[in-house]
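The values are calculated or read from the model by the stated rules, or taken from the named source; none is laboratory data. The structure displayed is predicted, hence computed values, not measured ones. Reconstructed Cβ throughout: ideal geometry from the backbone, glycine too, with neighbour counts over all protein chains shown.
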Amino acid sequence: MTPNYEADQILRELLAAFKEWMMPYEWVNKLDVVLGDTSTRIVTLDVGSEEFQKVDKAFAMTTFHLPTKIQRVQNPLVWWEFAEQSRFLHQKNRRESKLKCLWNCSEIPPDLIMEEGYHQ
């Protein structure tokens, strides 16, 4: 079998890109992001999924209302900015930063948050 150096190089580049983005495990279409598609996606979580249960439990701790649907917003550019800030704080503080959930209960339209992030 003849080695395919071009394919090996492409594979190495893809693996390096995956490491750079460090996207959450649950995200769909990771390869599309690595290949340059940074569009925002809205993914409706399956009620039986572990992710749905985790978010539902966290949400229930903050309100009496029960969600009928939970959607994950995947914005690779905002995620990358968040990941960079997290790495910076980790190095600065020499410890992991605590991640907290934030529910949108404001007048800010969800579309704006999806595109630009939540900066308050």
Please work out which one of (1) modelled with pLDDT under 80; (2) within 19 Å of ILE113 (Cβ to Cβ); (3) part of a helix (DSSP H, G or I); (4) of a type outside the set (A, V, I, L, M) is the condition GLU20 fails and give its number. (2)
Are there any pairs with C-beta distances below 7 angstrom linking a residue in the range 71-82 that is buried (at least 19 other Cβ atoms within 10 Å of the Cβ) to a residue that is among the basic types (Lys, Arg) and not in a helix (DSSP H, G or I), with the two at least 6 apart or on different chains, and if so which? GLN74/ARG41
I'd like the full set of residues that are part of a helix (DSSP H, G or I), closer than 21 Å to GLU51 by Cα and of a type outside the set (Val, Ile, Thr), limited to the range 65-87. PRO76, TRP79, TRP80, PHE82, ALA83
Out of THR44, THR63, THR40, I need the residue that is modelled with pLDDT of 80 or more and surrounded by fewer than 13 Cβ atoms within 10 Å (Cβ to Cβ). Which one? THR44
Which residues, taken from the range 31-70, are in contact (Cβ under 8 Å) with a residue 24 or more places away in the chain and of a type in the set (Phe, Trp, Tyr)? PHE59
Which condition number in (1) in contact with an Asp or Glu (Cβ under 9 Å, 6 or more places away or on another chain); (2) in a strand (DSSP E or B); (3) of a type in the set (A, V, I, L, M, F, W, C) is the one that VAL47 fails? (2)
